[in-house]
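Visitor: The structure is given below, and queries will be raised subsequently.
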Amino acid sequence: MDVLQATVGQGMAARVEELAGKITALAQPLSEEQFWTKPFAFGNSFGHLILHLTGNLNYYIGAQIAATGYVRDRPREFAETDRPQKKVALQRFEEAVAMAARTIRAQSEKDWSQAYTAVGADHARNRFDIVLTCTSHLNHHLGQMQYLCYALGKS
């Protein structure tokens, strides 16, 4: 089972890093203003999605699995008016991704099946479930971010 554990951990961590790399690359050509622009009456800005993804990883993987002590304020991720600079928001995102990838790679066979509970994750029965959910969540928002870049003329 060690091979399966290593395959799962390495594969999931690599996928998180790959998706995050695509998100970071999409952000690069955006100006500070574009990063925080909400081009549609519905939805979010690229910047607010970065805050959201950072909070998601820091809470579900960081606080709940890695015991980082992170305290999440999810509503603020979408409504933050005291916006950090683009480079600061992206740095925090990259730090959250690095922490998540380290934590995912460190999971043993027994760790993957440990019971998991967290606010907003009632569906997650174990650590594997939440890591899969967080990875899918990154992919979901990557699609939204691609569309935002298209709407801003940066695709």
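The values are calculated or read from the model by the stated rules, or taken from the named source; none is laboratory data. Everything numeric in this text was worked out from a predicted model, so none of it was measured. Glycine gets a Cβ as well: all are built from the backbone with ideal geometry, and neighbour counts include every protein chain shown.
Visitor: State whether one or more residues within region 134-145 are surrounded by 14 or more Cβ atoms within 10 Å (Cβ to Cβ), in contact with a Gly (Cβ under 8 Å, 6 or more places away or on another chain), in contact (Cβ under 8 Å) with a residue 24 or more places away in the chain and farther than 15 Å from A63 by Cα.
Guide: The answer is no, given that none of the residues of region 134-145 is surrounded by 14 or more Cβ atoms within 10 Å (Cβ to Cβ), in contact with a Gly (Cβ under 8 Å, 6 or more places away or on another chain), in contact (Cβ under 8 Å) with a residue 24 or more places away in the chain and farther than 15 Å from A63 by Cα.
Visitor: Here is a further query. Test V71 against the criterion of being at negative phi, of a type in the set (A, V, I, L, M) and not in a loop (DSSP other than H, G, I, E, B), and give yes or no.
Guide: The answer is no for V71.
Visitor: Go through the residues of region 95-108 one by one and say whether even a single one is touching a helix residue (DSSP H, G or I) at 6+ places or on another chain (Cβ under 7 Å), outside any helix (DSSP H, G or I) and loosely packed, with under 15 Cβ neighbours inside 10 Å.
Guide: Yes, some residue in region 95-108 is touching a helix residue (DSSP H, G or I) at 6+ places or on another chain (Cβ under 7 Å), outside any helix (DSSP H, G or I) and loosely packed, with under 15 Cβ neighbours inside 10 Å.
Visitor: Now a separate question. Answer with yes or no whether T81 is over 21 Å from A25 (Cβ atoms), at pLDDT below 95 and either in a helix (DSSP H, G or I) or not hydrophobic (A, V, I, L, M, F, W, C) (or both).
Guide: Judged against the criteria, T81 is a match.
Visitor: Okay, next question. Have a look at G55, G21 and point out the one that is touching a residue at least 12 places away in the same chain (Cβ under 8 Å), closer than 24 Å to R127 by Cβ and either buried (at least 20 other Cβ atoms within 10 Å of the Cβ) or not acidic (D, E) (or both).
Guide: From the options G55, G21, the qualifying one is G55.
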